[in-house]
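> Below is the structure I would like to discuss, written out as structure tokens.
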Amino acid sequence: MKKLFLVVGIGTLFFLAGCKKDKTIEGPELVDIFGDFNILEPIKGSKTTVDFSKGETVQYTCKLSIRTNWTIEIIGLNSGARKVYTGNAKDFVLNPIVWDGTISFAPFFRKNEPCVARMSFESYADTLYSDTVIITDVKPTPSVDILFDDYESPQRAYNTFTEGQQTFNGTSVNFQGVSPAEKTRFYVLAGNHGSTASLFLCGMNLTAKASQGTTDNYFKFSTDNPKKVFFNAFIYGWGDNKAEVSIEFQEDDNMDGIYQPAEEGAYTYRLPVNWTGWKLVSFSYDDTKISTSGGFGNSDRTGHKDLDRIIAAQFLLLAQPGTIGNTRVGFDYCSFTYFNPFRP
């Protein structure tokens with residue numbers, strides 16, 4: 001029995017030794033998560049004016065009593081532009097949020113615009129606001145590989161067409177109280193859809209020659225891979241679930257300088273515009289599909305997509321099936337980028 005007791009005693013000693021307290025604790029302490037929620041230092045910007053054109057930034061700091069999920073939105077009080085940050089840090093005084101003038105949601109921020117940071121919490125009803133910051137000058141619009149149109153030149157040679165008595169609105173400084181996504185103008189297509197009317201309402205076509213201001217008939221891409229070329233457009237929706245858009249690229253397959261819709265291909269990207277406000281839409285040329293309209297781009301002489309033969313781009317406003325009444329959509333800052341979508 002003594003021998004057995006000794007073995008058990010040694011095993012017990014090893015067990016007790018294995019229970020030694022680990023002084024290294026990973027993750028936040030419980031008080032950081034389950035303590036009382038208090039605002040120790042309110043959200044605050046590092047300056048009252050900022051010139052983003054010179055690379056200046058605004059640093060936002062705040063200090064909370066516990067970790068909790070939060071959202072900070074920097075909002076342009078004139079434009080409605082927003083930059084959004086999320087996190088759950090309780091103290092970012094030493095590691096502040098740094099805003100460099102970029103956006104998360106269009107439109108872009110404006111020159112001489114006051115902005116405010118709003119902080120909300122996932123689990124608490126509190127909402128914090130910073131003092132305003134005045135943007136004395138904006139961050140330059142990020143570069144694109146090919147700017148298709150920013151609609152700042154209303155005299156540009158747009159080819160417009162309608163169905164019956166429909167109308168187009170062209171470039172607009174302010175259409176129904178809507179500010180452009182970028183700079184001072186945007187393009188609007190609008191029409192009234194009757195119960196027996198065609199789903200097609202109106203459209204606008206712009207050639208590569210007019211878009212680029214050159215004598216060349218075609219866009220000059222640095223790659224012929226459809227997966228590596230992206231088309232980007234800010235599209236405005238009025239939230240009525242009536243509008244649909246078809247963006248089409250016409251290929252001059254025989255390269256004679258004339259697009260013949262009955263014989264040459266058009267590749268399309270179609271989407272419902274069921275949101276309210278500006279939204280950045282991006283897609284690769286590989287995402288487009290051959291036109292399904294008989295005699296209008298549904299026949300491709302080469303049998304494949306040819307980036308070097310795109311002679312024009314076309315924007316069609318369609319009414320969603322079963323809808324009646326005014327239908328409209330806005331376009332701004334359309335571009336081509338390589339390898340990745342446009343990131344403002």
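> R0 = 30 Å: FRET efficiency of Thr141 with Gln320, Cβ-based, nearest 0.05? Could you put the intermediate results ahead of the total?
Numbers: r = 32 Å, r/R0 = 1.06.
Step by step, r from the Cβ atoms, then E = 0.40.
> Now, a different point. About the Cα centre, and with charges only on the beta carbon of Lys, Arg (+1) and Asp, Glu (-1), how big is the dipole of the stretch 30-137? Nearest 20 debye, please.
In total the dipole reaches around 200 debye.
> How high is the relative contact order of the chain, in percent, counting Cα pairs under 8 Å that sit 6 or more residues apart? Please list the in-between numbers first.
Numbers: 819 pairs, mean separation 58.5, N = 344.
For the chain, the relative contact order is 17 percent.
> Let me ask something else. Using the count of nearby Cβ atoms within 10 Å as a rough guide to exposure, how do His193, His304 rank from fewest to most? Walk me through the numbers on the way to the answer.
Numbers: His193 23, His304 10.
Going from sparsest to densest Cβ surroundings: His304, His193.
> Starting from the Cα coordinates of the stretch 146-338, work out the convex hull volume and express it per residue in Å³. Can you show the working numbers first?
On the way: hull volume 21.8 nm³, N = 193.
In the stretch 146-338, the Cα hull volume divided by residue count equals 113 Å³.
> Something else: As an exercise, use a Förster radius of 41 Å and the Cβ-Cβ distance of Asp240 and Glu41 to find the FRET efficiency, rounded to the nearest 0.05. Mind dumping the intermediate values first?
Details: r = 44 Å, r/R0 = 1.07.
E between Asp240 and Glu41, to the nearest 0.05, is 0.40.
> To continue, here is another question. Send over the per residue convex hull volume for the chain, Cα only, as a whole number of Å³. Write out the running numbers ahead of the final one.
Working: hull volume 87.7 nm³, N = 344.
Considering the Cα atoms of the chain, their hull volume per residue is 255 Å³.
> Here is a further query. Looking at this model, which pairs from Lys47/Lys90; Lys90/Lys139; Lys83/Lys209; Lys63/Lys139; Lys111/Lys279 are more than 27 angstrom apart at the alpha-carbon? Could the numbers behind the result be given before it?
Numbers: Lys47/Lys90 22 Å; Lys90/Lys139 30 Å; Lys83/Lys209 36 Å; Lys63/Lys139 29 Å; Lys111/Lys279 21 Å.
Over 27 Å apart, Cα to Cα: Lys90/Lys139; Lys83/Lys209; Lys63/Lys139.
> For the stretch 30-137, divide the Cα radius of gyration by the Kirkwood radius and give the resulting Rg/Rh value with two decimals. If you can, show how the numbers build up before the last one.
Details: Rg = 14.2 Å, Rh = 14.2 Å.
Rounded to two decimals, Rg over Rh is 1.00.
> Would you be so kind as to identify which of Leu201, Phe109, Asn274 lies farthest towards the positive end of the dipole of the chain, taking Lys and Arg as +1 and Asp and Glu as -1 on Cβ and the Cα centre as origin?
Phe109
> Charges only on Cβ, +1 for Lys and Arg, -1 for Asp and Glu: so what's the dipole of the stretch 146-338 about the Cα centre, in debye to the nearest 20?
Details: 15 positive and 22 negative charges, 109 e Å.
Charge dipole, the stretch 146-338, about its Cα centre: 520 debye, nearest 20.
> Within 10 Å, at most 13 other Cβ atoms, and a DSSP state outside H, G, I, E, B define an exposed site. Report the longest part of the chain free of exposed GluC sites (Glu not before Pro).
Values: sites that count: Glu26, Glu29, Glu122, Glu263.
It works out to 123-262.
> R0 = 22 Å: FRET efficiency of Lys227 with Ser293, Cβ-based, nearest 0.05?
On the way: r = 25 Å, r/R0 = 1.14.
Approximately 0.30, to the nearest 0.05.
All of the numbers you see were taken from the coordinates with simple rules; none came from a lab. Quick caveat: nothing in here was measured; it's all calculated off a predicted structure. Note: ideal-geometry Cβ built from the backbone for every residue, glycine included; neighbour counts use all protein chains shown.
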